[in-house]
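I have placed the structure first, in the form of structure tokens, so that the comments after it can refer back to it.
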Amino acid sequence: MEWKQGRDICFKVLDMARDLGVQQCDVILERGKSFSLNAQQGRIDKSKVTSTQVIGIRVLQDQRAGIAASESLEDPALRLLVKQALETSRYSSPDPYQAIEQKNPKDLIEIQPGMNQPDDASVKEKVDLALRLENEVLTRDQRIRNAPYNGYADGEGEHFYANHLGTFCYQKERSFSCYTSALASEGSTQSMYSGSSVSRTFQGLDPVYCVKQSAETALNLLSAKAVPTGRYDVIFDIDEWQSLMGAFLGAFSAKAAMEGTAYYREKLGQSIASSEITIRDCPQYKDGFSYSGFDDEGVIRKDLVLVEKGVMKSMFHNSATARYFKKPNTGHGARGPRGSLGTSSTQLVLDPGRTGVKDLYGGTVLKVISLKGLHSGTNAISGYFSLAVEGLLMRGGKTEQYVKDVTLSGNFYEILQQIQAVGDKVEPSSSWSFFSPEIRFGGLSVAGS
């Protein structure tokens, strides 16, 4: 679909709503298509081609919100969509803070060349890649008995936003990914690890890294054992640090603050972390795979400083929370075609610190490379977490042993104050949606042998 065609559909829905006397309304249209392959035992055991589209309208009538969505773009379905949203609004509770008031001076069309590179790989090349991943993992070492997860995927997504004030925004992007895993065993001991790669082009994928990461780590974990119970300085692998931080990111949500569940709801202007910590949300961060030009209320996004030198500077706001707290709208409104208005981050970027890798890994450090039970082992309200982890015990920068069968416990909000050092190099997560230096946390509790 050409973006102009999608624009016409969005405004057709808005016109239908206006004809029914709707006071305020906005429309979100999401379209996507994807292709994926799974390899198993030397053949493609699953392939999938999917195409999706959903259009949703939010109406505000006498301060009451109604939402309805449809997968059909035919006129009868669109008319029904509008009627359902208007009918739903009659039964919702009044919300004096929700309003659709974003009026942009011109259309925002985000078709970045770097994010929309052509898919010039043949299906055979994609099949060969999926099969190669499994084969190279299995032939790496005879102790690797299985490669249970191997695959390739690519996808294209389009996001349209329009409202009754004439605001229109559009973004399109394409991405490619591949992954594999290695299940190693020796005697009665088993271990498994996976590796993945994402890129804006097929040629940019790194299957060599995927195989090396999954196979070598799984083999090394065969010798892993518990460390004695005690307190250890801990450095999280960037992927694990992203996962842990993501579990507590609601603490920065103004929507959660309105509902009384955000830990940092009364901490603005106060120290919440080491003075070496600065956290930004950067929607247009270079090379990021969560690039976003506008939020789900049509607000043009800008960088936001959440924490500066340890001091909390802002929360994630949409128009309703901004009105409630009498703060600027930060452009973090989030909702899908079927959903109500919330908030979300885009790409978190932590500033580099001053510590080189030699000093960062000085002495004894537990480097965590795998977190297990993240959802059941964390409490976003209190900040406490208790997680099974795998990792490396390092002394003087060298690996002394691989570690498993230990439980790492702490309080997320407290460990931000227990930072001993921040690395001087920013690294991306494997999804390229989070960017952070390695951070050394002091004296975390580890239950082991």
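The values are calculated or read from the model by the stated rules, or taken from the named source; none is laboratory data. These numbers come from a predicted model, not from an experiment. Positions of Cβ are backbone-derived with ideal geometry, glycine not excepted, and every protein chain shown enters the neighbour counts. Quick note on the areas: whole protein, heavy atoms, side chains included, nothing else; ligands and nucleic acids left out. Shrake-Rupley method; radii C 1.70, N 1.55, O 1.52, S 1.80 Å.
When ligands, DNA and RNA are left out and all protein chains stay put, how many square angstrom of accessible area per residue does segment 204-317 have with a 1.4 Å probe?
Details: 4510 Å² over 114 residues.
It amounts to 40 Å² per residue over segment 204-317.
How high is the relative contact order of segment 36-183, given as a whole-number percent (alpha carbon pairs under 8 Å, six or more residues apart)?
Relative contact order, segment 36-183: 26 percent.
Note down the accessible area of Arg323, probe 1.4 Å, to the nearest 10 Å².
80 Å²
Roughly how many whole Å is it from the C-alpha centroid of segment 395-449 to that of segment 224-238?
Between the Cα centres of segment 395-449 and segment 224-238 lies a distance of 8 Å.
Would you list, by chain and number, the lysines whose Cα falls below 20 Å from the Cα of Lys46, excluding same-chain residues fewer than 8 positions away?
Leaving aside lysines fewer than 8 places away in the same chain, those within reach of Lys46 are Lys33, Lys124, Lys126.
For segment 32-166, which whole-number percentage of the solvent-accessible area (1.4 Å probe, protein heavy atoms only) is attributable to carbon and sulfur atoms?
Details: 3490 of 7350 Å².
Result for segment 32-166: 47 percent of the exposed heavy-atom area is carbon or sulfur.
Work out from phi, with θ = phi - 60° and the Karplus expression 6.51 cos²θ - 1.76 cosθ + 1.60, the ³J(HN,Hα) of each residue of segment 61-78, listed in order in whole Hz, and give x for Gly and Pro.
Result, ordered by residue: 10, 6, 6, 10, 9, x, 10, 8, 9, 8, 8, 9, 9, 6, 4, x, 5, 5 Hz.
Which part of segment 14-29 falls in the paramagnetic zone of Ala99, meaning amide N under 19 Å from the point 7 Å along Cα-to-beta-carbon?
Under cut-off, by backbone N: 22-27.
Using 0.36 nm per residue of separation minus the Cα-Cα distance, give me the extension gain between Arg145 and Ser449 in nm, one decimal.
On the way: separation 304, 0.36 × 304 = 109.44 nm, distance 2.84 nm.
Answer, rounded to one decimal: 106.6 nm.
Non-local amide H neighbours of Gln112 (under 5 Å, H modeled in plane, Pro and chain starts lacking H): which ones?
The list, which skips near neighbours in sequence, is Lys172.
Sum -39500 (n - 2.57) across every DSSP H segment of at least 4 residues in the chain, then divide by the residue count to get the 222 nm mean residue ellipticity, nearest 500.
Details: 9 runs with 93 residues, N = 449.
One gets -6000 deg cm²/dmol as the mean residue ellipticity at 222 nm.
Below 8 Å between Cα atoms, with a sequence gap of 6+, how large is the relative contact order for the chain in percent? Show your work: numbers first, answer last.
Details: 1132 pairs, mean separation 64.5, N = 449.
Across the chain, relative contact order equals 14 percent.
Going by amide H atoms built from the backbone, whose H comes under 5 Å of the H on Asn146, apart from near neighbours?
The answer is Leu183.
Please enumerate, by chain and number, the lysines with C-alpha under 17 Å from the C-alpha of Lys255, excluding those fewer than 8 residues away in the same chain.
Of all the lysines, those that pass the test against Lys255 - Cα under 17 Å, at least 8 places apart if same chain - are Lys267, Lys313, Lys326, Lys327.
Provide, in order from the shortest bin, the percent of all Cα-Cα pairs of segment 1-125 in each 5 Å bin, continuing until the bin that contains the maximum pair distance.
Once binned at 5 Å, the Cα pair distances of segment 1-125 give 2, 9, 16, 16, 14, 12, 9, 8, 6, 5, 3, 1, 0.
Return the Rg/Rh value of segment 163-275, two decimal places, where both radii are evaluated on C-alpha atoms and Rh is the Kirkwood radius.
Working: Rg = 21.6 Å, Rh = 19.1 Å.
Ratio value, two decimals: 1.13.
Write down the Kirkwood hydrodynamic radius of segment 343-449, to one decimal in angstroms, obtained as one divided by the mean of 1/r over all alpha carbon pairs. Display every interim value, and only then the final one.
Working: mean 1/r = 0.0665 Å⁻¹.
It is 15.0 Å.
Rounded if a/c is under 1.5, else prolate if a/b beats b/c, else oblate: with a ≥ b ≥ c from the C-alpha gyration tensor eigenvalues square-rooted, which is segment 188-234? The partial results should precede the final answer.
On the way: a/c = 4.78, a/b = 2.02, b/c = 2.37.
Judged from the Cα gyration tensor, segment 188-234 comes out oblate (a/c at least 1.5, b/c at or above a/b).
Just to check I understand the Karplus step: with θ = phi - 60° and J = 6.51 cos²θ - 1.76 cosθ + 1.60, what whole-Hz values come out for segment 179-186, glycine and proline as x?
Those phi angles translate into 7, 8, 8, 10, 10, 9, 8, 8 Hz.
Could you pull the Cα extents of segment 318-364 along its three principal axes, largest to smallest, in whole Å?
Computed over the Cα atoms, the extents are 50, 27, 16 Å.
Rounded to whole Å and sorted largest first, what semi-axes of the equivalent ellipsoid does the C-alpha gyration tensor of segment 40-183 yield via the square root of 5 times each eigenvalue? Can you show the working numbers first?
On the way: eigenvalues 415, 73, 43 Å².
Whole-Å semi-axes of the equivalent ellipsoid: 46, 19, 15.
Could you work out the mean projected area of the convex hull around the alpha carbons of segment 192-337, in square nanometres to one decimal? All intermediate terms of the calculation are to be shown ahead of the outcome.
Details: hull surface 51.1 nm².
That works out to 12.8 nm².
With each pseudo-label sitting 7 Å past Cα toward Cβ, what's the His375-Asp424 distance in nm, one decimal?
Between His375 and Asp424, the label points sit 4.2 nm apart.
Rounded, prolate or oblate, given the Cα gyration tensor of segment 224-295, with a/c below 1.5 counting as rounded?
On the way: a/c = 2.08, a/b = 1.36, b/c = 1.54.
Because a/c hits 1.5 or more and a/b fails to exceed b/c, segment 224-295 counts as oblate.
Where Rh is the Kirkwood radius over the Cα pairs of segment 278-365, the temperature 10 °C and the viscosity 1.306 mPa s, what D in µm²/s does Stokes-Einstein return? Don't skip to the answer; put the middle values down first.
Numbers: Rh = 14.6 Å.
In µm²/s, the coefficient rounds to 109.
Mind checking the angle between helix 123-138 and the chain's longest principal axis? C-alpha axes, 0 to 90 degrees, to the nearest 10.
For 123-138 against the chain, the angle is about 30 degrees.
In degrees from 0 to 90, rounded to the nearest 10, what is the angle of the helix 3-19 Cα long axis to the longest principal axis of the chain?
With rounding to tens, the tilt is 50 degrees.
For segment 11-51, what log10 I(q)/I(0) values come out of the Debye formula at q = 0.21, 0.24, 0.31, 0.35 1/Å, with one point per alpha carbon and no solvent?
Taken in order of the listed q values, log10 I(q)/I(0) reads -0.72, -0.81, -0.99, -1.11.
Near the amide H of Glu400, under 5 Å away, which other amide H atoms are found, from residues 5 or more places off or on another chain, if H is placed in the peptide plane?
Distant-sequence amide H within range of Glu400: Leu393, Met394, Arg395.
Going through segment 54-127, which trypsin sites (Lys or Arg not before Pro) have at most 15 other Cβ atoms within 10 Å and a DSSP loop state? Write down the numbers at each step before the final one.
Values: sites: Arg58, Arg64, Arg79, Lys83, Arg90, Lys103, Lys106, Lys124, Lys126; in loops: Arg90, Lys103, Lys106.
Sparse-neighbourhood loop trypsin sites (Lys or Arg not before Pro): Arg90, Lys103, Lys106.
How much length, in nm to one decimal, is gained on full extension between Leu165 and Lys398, taken as 0.36 nm per residue of separation minus their Cα-Cα distance?
Details: separation 233, 0.36 × 233 = 83.88 nm, distance 6.05 nm.
Stretched fully, the Leu165-Lys398 segment lengthens by 77.8 nm.
Before I look further, what does segment 1-133 give for accessible area per residue, probe 1.4 Å, in whole square angstrom? If you can, show how the numbers build up before the last one.
On the way: 7500 Å² over 133 residues.
Using a 1.4 Å probe on heavy atoms only, each residue of segment 1-133 averages 56 Å².
Mean shadow of the chain, computed from the convex hull of its alpha carbons, in nm²? Mind dumping the intermediate values first?
On the way: hull surface 91.7 nm².
The directionally averaged projection comes out at 22.9 nm².
I'd like the orientation of helix 238-247 relative to the chain: the angle between its Cα long axis and the longest Cα principal axis, in ° from 0 to 90, rounded to 10.
50 degrees
Starting from the Cα of Lys106, draw a straight line to each of the lysines and keep only those under 23 Å, dropping any in the same chain fewer than 8 residues away.
Leaving aside lysines fewer than 8 places away in the same chain, those within reach of Lys106 are Lys4, Lys12, Lys172, Lys302.
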